[in-house]
């Protein structure tokens, strides 16, 4: 088949072996690649009882049929494993150039199992692989590790690495590449650390054959031009090319969509003023830092030239500075950016980190913890110095509170008790991201029902129907009224559509940010068909999304999911705010909406796929356990 190689690299760190393995065409036709391929290897080789830090856990890095087709957004790639935060299957995605270079080695993915006796890194070049000693790199931060591997192997390699948080098994540790893009959520960096795998370097020169190269070239030119023109037509400080996702503050504040003071307030005037797109560009000297082939250029290279927060590197994305800034009420842009930079160096997800620190601040405020616990830090709301120093303590897994917060909000609340679970904004062990359920009830439904990576804003990003004005008319989401954001009438169906959409795009491997600038399901379908030659219809594309979602649900069940966990949402979900556009809005009726979502998905009343669904999708072999 075309568009993929039909093989992956299998790496067994316990035995120190690397070998190629062919995959049947049907695996790609059912699950595409990327997130779908990661779920496939978990289904195939991680039976019930496989735990996160067990060497048997498979950590899969994979591209898809769209990876590297020279289309804007096609630098995306995914990884997946059993997660240390939710203890179920999870996947995350990143960009930069690692996925493209991995595919050019002649492999669609790298599947890692086992555990090395000593720290190692993996080198893959044009179909060959070697496992090398990384003891000199162990203990270094993620960026130092990338530099060290490139110094040893050559600057032409693309590299993924972890920092100290990954080594020390912080449960929301991430994996970075190119010092700017991250497999952010679900703790995949801790899985990598548990395997004693410090990094992977890839370099290739092989071009994967495609079905219709001329059609791909035509599509790429047309789509790239359209996306660039639509972004250029936006007001200056809403252009992705100007300041990336940081422009979301200006959009979200008037909607009541920001996370403020551990999601307890509706307004933060000084934050809205200081943590704003214009200030982001001015204070951080932000410049575009695009991924390969991308015309939208949403990553930023930033520089603070002097002072205690001086650094040059990746600028925080919306989610990062929203959770580390608004959620902690720190309105100092330099301090927030520097704290995010520290998190990146240690390799920690800023979403979970921001929730954990906000939970600790509220615990401090309510007397559950004191300065004796916080290393003498005054952990009050808005304390920039405390934000930065607590980030260090968690990244280093300092004895005491720093170590405990590295376990995540749920574990920390369970250990400390004293009612602190009441303000732990998490579900199933993972922290909620920077989209406020009060601003659109569908966010709460997504957090409760997501099967790809627990409660995850980017594995079912239905909030963007309103916050980003995204439409999927090919699958039935076209005209939507603003007031529907507080209605359950069509929410379960729309939520299901977005779950399937996110699974398709994370498995074909394309960047969802392009949906904000006119990228459509038809664009994705035409590109997949030009790459593979499958000749799929828009219905075939949806069916593929359903299969991936269903396989992930079957994995949830395998790894211990129970129906009641979908209904164990944070107490704060039902606590209203008293000003702003979402004043008084709480998702009453959420329980019934969850049950209706089950029905729409063709799951039974216990939230499990029905035999009729399994048969319709042709997945009998995947449900037979």
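Annotations
- Dimensionless Rg/Rh of segment 316-422 - Kirkwood Rh, Rg from C-alpha atoms: 0.93
- All distinct Cα pairs of segment 7-203 go into the 1/r average, and the inverse of that average, the Kirkwood radius, is 16.1 Å.
- Comparing segment 236-429 with the 2.2 N^0.38 Å rule of thumb, its C-alpha radius of gyration ratio is 1.01 (two decimals).
- Debye equation applied to the C-alpha atoms of segment 183-293, log10 I(q)/I(0) at 0.17, 0.18, 0.22 Å⁻¹: -1.03, -1.05, -1.14
- Square roots of 5 times each gyration tensor eigenvalue, C-alpha, segment 210-256, largest first, Å: 32, 11, 8
- Across every pair of non-identical alpha carbons in segment 385-450, the mean reciprocal distance, once inverted, gives a Kirkwood radius of 13.3 Å.
- Square roots of five times the Cα gyration tensor eigenvalues for segment 442-622, Å: 27, 22, 13
- Taking 7 Å steps out from each Cα toward its Cβ at residue 539 and residue 575 produces label points 4.9 nm apart.
- Under the simplified labelling scheme, the residue 207-residue 135 pair shows an inter-label distance of 4.5 nm, with each label point 7 Å from Cα along Cα→Cβ.
- Cα-Cα P(r), segment 45-105, percent of pairs per 5 Å interval: 4, 19, 25, 16, 13, 13, 8, 2, 0
- Three-way shape label, segment 518-620, alpha-carbon gyration tensor, a/c 1.5: oblate
- Stokes-Einstein D (µm²/s) once Rh is taken as the Kirkwood radius of segment 412-517 over alpha-carbon pairs, at 4 °C in 1.567 mPa s: 88 µm²/s
- Sites residue 152 and residue 238, calculated FRET efficiency, Cβ-Cβ separation with R0 45 Å, nearest 0.05: 0.60
- Per-residue ellipticity at 222 nm computed for the chain from its helices equals -10500 deg cm²/dmol, with DSSP H segments shorter than 4 residues left out and the rest contributing -39,500 (n - 2.57).
- Three-way shape label, segment 178-244, alpha-carbon gyration tensor, a/c 1.5: oblate
- Distance between the C-alpha centres of segment 419-453 and segment 586-614: 18 Å, rounded to the whole angstrom.
- Across all Cα pairs in segment 328-373, the calculated P(r) in 10 Å bins from zero up to the longest distance comes to 25, 46, 29, 0 percent per bin.
- Entry note, segment 305-360: relative contact order of 39 percent, from Cα contacts under 8 Å with a spacing of 6+ residues.
- Using the Cα coordinates of the chain, the gyration tensor eigenvalues translate into equivalent-ellipsoid semi-axes of 33, 29, 25 Å, sorted from longest to shortest.
- Pairwise centroid distance, computed over Cα atoms, of segment 1-66 with segment 266-336, Å: 36 Å
- Gained length - residue 303 relative to residue 371, 0.36 nm times residue gap less alpha-carbon distance: 21.2 nm
- Here the peptides 364-373, 529-538 are ranked by packing, the mean other Cβ count within 10 Å, and the order with the highest first is 529-538, 364-373.
- Gyration tensor (alpha-carbon) shape descriptor, segment 230-335, a/c threshold 1.5: oblate
- Using the Cβ-Cβ distance between residue 51 and residue 396 with R0 = 30 Å, the FRET efficiency computed as 1/(1 + (r/R0)^6) comes to roughly 0.75.
- When only alpha carbons are used to place a centre, segment 127-150 and segment 359-405 end up 32 Å from one another.
FYI, it's all coordinate maths here, none of it is from the lab. The model shown is predicted, which means the values in this text are computed figures rather than measured ones. Positions of Cβ are backbone-derived with ideal geometry, glycine not excepted, and every protein chain shown enters the neighbour counts.
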